[in-house]
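The values are calculated or read from the model by the stated rules, or taken from the named source; none is laboratory data. All of these numbers come straight from a predicted model, not from anything done at the bench. Cβ coordinates were reconstructed from backbone atoms using ideal geometry, including for glycine residues, and neighbour counts include every protein chain displayed. Ligands, DNA and RNA are excluded from the accessible area calculation, which covers all protein heavy atoms including side chains. Shrake-Rupley method; radii C 1.70, N 1.55, O 1.52, S 1.80 Å.
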Amino acid sequence: MTPSALLCSMPATGHVGPLLVVAQELQRRGWRVRLLTGSRYQRMVEQAGILFLPLPAEADTLDGIGADERDRGLATINRGVERAFVDPAAPAAAALDQILNDEPADVVLHDMTFLGVQTLFARTHSQRPLTVMCGIGPAGFSSRDTAPYGLGITPLRHPTLNRLRNGVLGVTAKTVLRPVHRSLDLFLAGVGAPPLNGAFFMDVLSRSDLLAQFTVQEFEYARSDAPEALRFYGPMASAAAHPVAAPEWFDDLDPTLPLVHVTQGTVANTDYTEVIEPTLTALADLPVQVAVTTGGRDVETLPALPDNAFAASYLPYDDLLARTSVLVTNGGYGGLHHAMRYGVPIVIAGDSEDKVETSARVQHARVGVNLRTGRPTPDAVRTAVQRILADDGYAARARRIGDAIAVAPGAPGLVDDVEKMLAARRR
């Protein structure tokens, strides 16, 4: 009997891309695979050879939210989470129910922000598919060893003080974040799923049968009370569907000078004054070279480049990172792992979406400098880059995480575990 999988992703490149890697591994092993996401990603999904299913328009909203002014700070968790993930959850849940009624699946894999999957937990364990949470961002499970998700607060080195502080923050966070907790509980009641019952809002993720985190343990906070179902598989990386040719200037870069790469990714790249412009200004008179990518936008949209800077819409990333000394970024989860795969240390400037938490992990793992803002000054960028170039420890720690990524089980290991769990369930 051919096993079947339904993958559910919120409509954003950083969500769809990693799930497609898993979908392709499942299909390679003979599974019937379908992927539910936004209409903008139909071509991307179908080019990967996967059957595409569209979210209803009411749930296909995340890209539009990311394109306008982004929520920052506590607003990112309260109204930001409500707009981006809770509001679309009910129509996404209805679509998921209908799809499974029309054609059941053995396994439902969902990205961590696809809250529509909560409709499945209105059923008994034997009456629903196996569920796998795919951690495409920093883990948010409550723990006595970590501060509540969304605050960007790293663990203290002293265990007792750390737990005391986290306990106080846990109580405070539930008060400050009451709006998102109330909104999520209303949704859960609407689909008949178990309520939060006082749990932190991120703990709904731990209801899935397997919690597959797309990182390595070395880049995530240690949790002595982690859920038993938590496993680390490393980032879901695949070869680029359309290899990018290097621009003419790429081979002319001076190998004797450090190369600093600056990017704002492919989503938050409409306002260069956030990270790219401060970096160009900061490094203009330093003995470094700067490679800028615009994430697909025309390079003519960039400000005037100093003499030591070069730009392209895209660059061959593996070739680029192999010769990069420092990455300056606003902190996309996938981009950080790509850099660490090559042992590249990081200057991170992010305070929207999940970037507060990715920034905190860069800081805690000591693989870079956390600027603690999404709009750093040139002086702050300059100081951070110089600090990293002067201290080989940042690159050494990034290489250690890169070594862990190199031996992580990846999509094959994840599918191995899913098949074992499914086989055990069928016995």
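Structure notes:
- Selection count where residues are open to solvent by 30 Å² or more (accessible area, probe 1.4 Å), among the hydrophobic types (A, V, I, L, M, F, W, C) and in a helix (DSSP H, G or I), scope the stretch 183-206: 3
- Boolean, Ala311 is surrounded by 19 or more Cβ atoms within 10 Å (Cβ to Cβ), free of Cβ contacts under 8 Å to residues at least 24 places away in the same chain and touching a strand residue (DSSP E or B) at 6+ places or on another chain (Cβ under 7 Å): yes
- Selected residue [surrounded by 21 or more Cβ atoms within 10 Å (Cβ to Cβ) and over 24 Å from Asp225 (Cα atoms)] from Val132, Val117: Val117
- Among (1) open to solvent by 50 Å² or more (accessible area, probe 1.4 Å); (2) assigned to a helix (DSSP H, G or I); (3) free of Cβ contacts under 8 Å to residues at least 24 places away in the same chain - the single one Leu156 does not satisfy: (2)
- Count - residues of the stretch 318-333 that are farther than 13 Å from Tyr394 by Cβ, surrounded by fewer than 19 Cβ atoms within 10 Å (Cβ to Cβ) and in contact (Cβ under 8 Å) with a residue 40 or more places away in the chain: 2
- Of all residues making up the stretch 321-348, the number that are among the small types (Gly, Ala, Ser) and closer than 23 Å to Met112 by Cα: 5
- Taken over the stretch 328-385, the residue count meeting the criterion of being under 17 Å from the mean Cα position of the chain (by Cα) and aromatic (Phe, Trp, Tyr) is 1.
- Residue check for Gln264: among the polar types (S, T, N, Q) and at pLDDT 95 or above: no
- Considering (1) open to solvent by 10 Å² or more (accessible area, probe 1.4 Å); (2) touching a residue at least 40 places away in the same chain (Cβ under 8 Å), the lone condition that Lys355 does not fulfil carries the number (2).
- Subset of the stretch 275-313 (residues that are more than 12 Å from His261 (Cβ to Cβ) and at pLDDT below 95): Thr294, Gly295, Gly296, Arg297, Asp298, Val299, Glu300, Thr301, Leu302, Pro303, Ala304, Ser313
- When every residue of the stretch 334-345 is checked against the conditions, at least one turns out to be within 18 Å of Gln213 (Cβ to Cβ) and of a type in the set (A, V, I, L, M).
- Answer from Gly295, Gly350, Gly343 - the residue that is part of a loop (DSSP other than H, G, I, E, B), in contact with a Gly (Cβ under 6 Å, 6 or more places away or on another chain) and buried (at least 24 other Cβ atoms within 10 Å of the Cβ): Gly350
- Selected residue (only one of Ala173, Ala105, Ala95 is surrounded by 17 or more Cβ atoms within 10 Å (Cβ to Cβ) and over 30 Å from Thr2 (Cβ atoms)): Ala173
- Selection from the stretch 317-338 of residues that are farther than 16 Å from Pro18 by Cβ and either aromatic (Phe, Trp, Tyr) or touching a Leu at 6+ places or on another chain (Cβ under 9 Å) (or both): Leu320, Leu321, Arg323, Thr324, Ser325, Val326, Leu327, Val328, Thr329
- Selection status of Gly265, within 27 Å of Pro409 (Cβ to Cβ) and open to solvent by less than 10 Å² (accessible area, probe 1.4 Å): no
- Positions within the stretch 393-407 being of a type outside the set (Val, Ile, Thr) and either surrounded by fewer than 21 Cβ atoms within 10 Å (Cβ to Cβ) or touching a Lys or Arg at 6+ places or on another chain (Cβ under 8 Å) (or both), in sequence order: Gly393, Tyr394, Ala395, Ala396, Arg397, Arg399, Arg400, Gly402, Asp403, Ala404, Ala406
- The conditions of being assigned to a helix (DSSP H, G or I) and either of a type in the set (Gly, Ala, Ser) or touching a Cys at 6+ places or on another chain (Cβ under 8 Å) (or both) are not met by Ser224.
- Per the conditions (1) closer than 30 Å to Ala84 by Cα; (2) hydrophobic (A, V, I, L, M, F, W, C); (3) surrounded by fewer than 21 Cβ atoms within 10 Å (Cβ to Cβ), the sole criterion not satisfied by Ala380 is (1).
- Every test in (1) under 27 Å from Gly234 (Cβ atoms); (2) open to solvent by 40 Å² or more (accessible area, probe 1.4 Å); (3) not hydrophobic (A, V, I, L, M, F, W, C) is passed by Thr146 save one, and that test is (2).
- Filtered residue count, the stretch 202-228, keeping only those that are over 18 Å from the mean Cα position of the chain (by Cα) and more than 28 Å from Asp106 (Cβ to Cβ): 4
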